[in-house]
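Just below is one structure, and these are the notes that go with it.
No lab work stands behind these numbers, since they all come straight from the coordinates. Because the structure is predicted, anything quoted here is derived from the model rather than measured. Positions of Cβ are backbone-derived with ideal geometry, glycine not excepted, and every protein chain shown enters the neighbour counts.
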Amino acid sequence: MTVKAKVFILYTGGTIGMAPENPEQAGSPLVPKPLNELLKYAPRLGVKEGIELGFKGFDDPLDSSDVGPEHWLQMADYIEEVYEDYDGFVVLHGTDTMAFTASALAFIFENLAKPVIVTGSQLPISESRTDAVMNLVNAVHIAGYKATGLPRIPEVVVSFADKVLRGCRTSKVSSSSWAGFDSPNYPQLGEIGEHIRISEDLLLPMPSEGQTFQVNRDIVSNVVDISLFPGFKPSQLKRLASDVEGLVLRTYGAGNAPGAKGFLDAVQHINTGGRVIVNVTQCSEGMVEMGLYAASSGLLERGVISGLDMTPEAALTKMMWTLGAKIGDQVVIQMQVSQRGEQSENLFDLRYGECGNESEPVSEFRAYRTPDRRFSVTNLSRAVIRLSKFGFDGVKEGESIPLRIFMNLPSASIETPSSHTRCVADFSLVWNGKEINFAHEIDNSTAKASIGADDITLSIVVPENVKFWFEGLYLALFAAA
Ligand code: ASP
């Protein structure tokens, strides 16, 4: 055989290599078998295409329910050892936690320039009606791109049934159908049918020259993933989060959670303990938009950060990786920026803090914040200003008060007309004695014209003799990832 490509197969366990524990006994539970048993069922794998294979199997193949961070690192180590010798890699894995492993590997590998194809099957390779052979053969074809003429995928992907999916966008969606996986918030990278078609425009770019492949071994597994449910007690939340470094909170819909004081106090308590809380939706599709509903403003005010449209699997493993990267305050920033294409947008979330209070209202507000250096105004897609718990003083109930917000115009006053190019919000607020929450999307061209290369100053301007206070002023800058 003329060797056109070299592919390394790492077998970790899973249904793909399972067989009944006791073949003589009907109904005996399935257990993982060693690699050599599995290979008997695909004897000519890669031969026709000119793909030379290398193999490695976990000494004790695992049901993926037993796979944890130490096994992700073991997989990464095995791949790193032979990284230079192969063109692509196939990881055979159980389906149950495959989406976690694919997400974790995506973050653990830095500057990945070769395909890492994670696959498994719904039925064991030893069964006559199995999907295992097809999934294995397809994975080898994609990893052996040099021999098959397919595009090179410099990413960790899940290839399963008829889909090739970005690993850190994938979730298991069926425990029994052939198409067990999907990536609801990102198009599939490829389609497997009579032909395998990869959409090159959807792939991550190749690392640039000089960016060498690395394995990030510092991951912090002391995190939890908690899903809200009606009746969830604040005390339960506090207890579950008591000794962790980070928390993925699966909330309702667009990122909503109970607004009850007890619940929000528990969130505050967790956050002030220095723990990172990332908000992802329980819905299988869609994104978190904190501040869209009052029911999520409370989380925003208590320092919870947005997981945007990340899967819970990606959010959890990204958090483990980000916490391990020891970047201090940067954890919060990096969590909201796409690292491996795991989210559709980057969020640069500038928090201007609170100002005054009911007994000490103020007559003006001006402050600046500096976006992370990864923010570039040219990529700005949306800018949203949010004010929470805003109150007026010196105003009669029912009175309508003009309020303007200027961006990067420190000299702004009530004399500055709302037609000024730096006026990013112009409201008339009716004060009826109750603190107001509001969000305003800034016209994109106004935002682009007002934001420079550095700090962003926001000034709130109200008429003379009027005073105000608020609990939080936020500027959310969304940029294409
Ligand atoms: N329990 C198995 C596993 O995840 C299921 C499978 O592979 O489909 O290892």
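Put +1 on the Cβ of each Lys and Arg and -1 on the Cβ of each Asp and Glu in the range 386-481; which of 466, 420, 387 then has its Cα farthest toward the positive end of the dipole?
387
Going highest first, how would you order 442-450, 191-199 by mean Cβ packing within 10 Å?
Numbers: 442-450: 15.8, 191-199: 13.3.
Per-residue Cβ counts within 10 Å, averaged per peptide and sorted highest first, yield 442-450, 191-199.
What is the gain in length, in nm to one decimal, between residue 292 and residue 426 on full extension, counting 0.36 nm per residue of separation less the C-alpha to C-alpha distance? The partial results should precede the final answer.
Working: separation 134, 0.36 × 134 = 48.24 nm, distance 1.90 nm.
So the extension gain works out to 46.3 nm.
Work out the length of the dipole vector of the range 114-231 about its Cα centre, built from +1 on the beta-carbon of each Lys and Arg and -1 on the beta-carbon of each Asp and Glu, and round it to the nearest 20 debye.
On the way: 10 positive and 12 negative charges, 33 e Å.
About 160 debye.
Could you please report the charge total around residue 463, scoring K, R as +1 and D, E as -1 over all other residues with beta-carbon less than 12 angstrom from its beta-carbon?
On the way: positive: 404, 467; negative: 364, 399, 415, 464.
Around residue 463, the charge tally is -2.
Using the basic label-point model (7 angstrom from Cα toward the beta carbon), what is the residue 364 to residue 3 distance in nanometres?
7.4
Would you work out the charge dipole size for the chain about its Cα centre, treating the Cβ of every Lys and Arg as +1 and the Cβ of every Asp and Glu as -1, and quote it to the nearest 20 debye?
On the way: 41 positive and 59 negative charges, 62 e Å.
For this selection, approximately 300 debye.
Which ³J(HN,Hα) values in Hz, rounded to whole numbers, follow from the phi angles of the range 154-160 under the Karplus curve 6.51 cos²θ - 1.76 cosθ + 1.60, where θ = phi - 60° and Gly and Pro get x?
Each residue of the range 154-160 in turn: x, 8, 8, 10, 9, 10, 8 Hz.
Amide H to amide H, which residues 5 or more places from residue 190 or on other chains are under 5 Å from it, using H placed in the peptide plane?
Long-range HN contacts for residue 190: 164, 199.
Report, in whole Å, the centroid distance computed from the Cα atoms of the range 310-348 and the range 443-481.
Between the Cα centre of the range 310-348 and that of the range 443-481, the gap is 25 Å.
Please work out how much length the chain gains when fully extended from residue 372 to residue 285, using 0.36 nm per residue of separation minus the C-alpha to C-alpha distance, in nm with one decimal.
Values: separation 87, 0.36 × 87 = 31.32 nm, distance 2.81 nm.
Difference between extended and current length: 28.5 nm.
How do 42-53, 296-307 rank on mean C-beta neighbours within 10 Å, highest first? Present the calculation step by step, with values, prior to reporting the outcome.
Values: 42-53: 15.6, 296-307: 23.9.
Top to bottom by mean Cβ count within 10 Å: 296-307, 42-53.
Taking the Cα centre of the chain as the origin and placing charges on Cβ (Lys, Arg +1; Asp, Glu -1), which of 117, 2, 439 is farthest toward the positive end of the dipole?
Checking the options against the dipole of the chain, the answer is 439.
Tell me the net charge near residue 1. Cut-off is 11 Å between Cβ atoms, residue 1 excluded, with +1 for each Lys or Arg and -1 for each Asp or Glu. Numbers along the way, then the final one.
Values: positive: 4, 44, 48; negative: 49, 52.
So the environment of residue 1 carries a net charge of +1.
Would you pull out the residues with amide H under 5 Å of residue 227's amide H, same chain only if 5 or more places away, H placed 1.01 Å from N?
For residue 227, whose amide H was placed from the backbone, the distant partners under 5 Å are 250.
Explain nothing, just the number: dipole magnitude of the range 304-429 about its Cα centre with +1 on each Lys and Arg Cβ and -1 on each Asp and Glu Cβ, in debye rounded to the nearest 20.
Working: 14 positive and 16 negative charges, 114 e Å.
About 540 debye.
Just to be sure I understand the model, the point goes 7 Å from the Cα along the line to the Cβ. What's the resulting residue 48 to residue 400 distance in nm?
With each label placed 7 Å out from Cα toward Cβ, I get 7.5 nm.
Tabulate in residue order the Karplus-calculated ³J(HN,Hα) for the range 69-82, using 6.51 cos²θ - 1.76 cosθ + 1.60 with θ = phi - 60°, rounded to whole Hz; enter x for Gly and Pro.
x, 5, 6, 4, 5, 5, 4, 4, 5, 4, 5, 4, 4, 10
For residue 401, what residues show an amide H to amide H distance below 5 Å, using hydrogens built from the backbone and excluding near sequence neighbours?
Here the answer is 429, 430, 431, since their amide H atoms fall under 5 Å of that of residue 401.
What ³J(HN,Hα) values, in whole Hz, does the Karplus curve 6.51 cos²θ - 1.76 cosθ + 1.60 give for the range 239-254 when θ = phi - 60°, with x put for Gly and Pro?
Per residue, the Karplus-derived 3J(HN,Hα) values read 5, 5, 9, 4, 10, 10, 9, x, 9, 9, 10, 8, 9, 7, x, 7 Hz.
Work out the charge dipole of the range 230-303 with +1 on the Cβ of Lys and Arg and -1 on the Cβ of Asp and Glu about the Cα centre, then indicate which of 260, 288, 298 is farthest towards its positive end.
So the residue furthest toward the plus end is 260.
Obtain the nm distance between the two label points defined at residue 480 and residue 173 by a simple spin-label model: each point lies 7 Å from its Cα along the Cα-to-C-beta direction.
Spacing of the two 7 Å Cα→Cβ label points: 2.6 nm.
Considering only the chain, what is the antiparallel percent among its DSSP beta bridges, to the nearest 5?
On the way: 61 of 94 bridges.
Taking every DSSP beta bridge within the chain, about 65 percent pair in antiparallel fashion.
Could you order peptides 413-422, 94-103, 21-30 by the average number of other Cβ atoms within 10 Å of their residues, highest first?
On the way: 413-422: 12.3, 94-103: 26.2, 21-30: 9.7.
Listed from highest to lowest mean packing, they are 94-103, 413-422, 21-30.
Post the alpha-carbon centroid distance, the range 33-63 to the range 368-410, in whole angstrom.
Their Cα centres are 59 Å away from one another.
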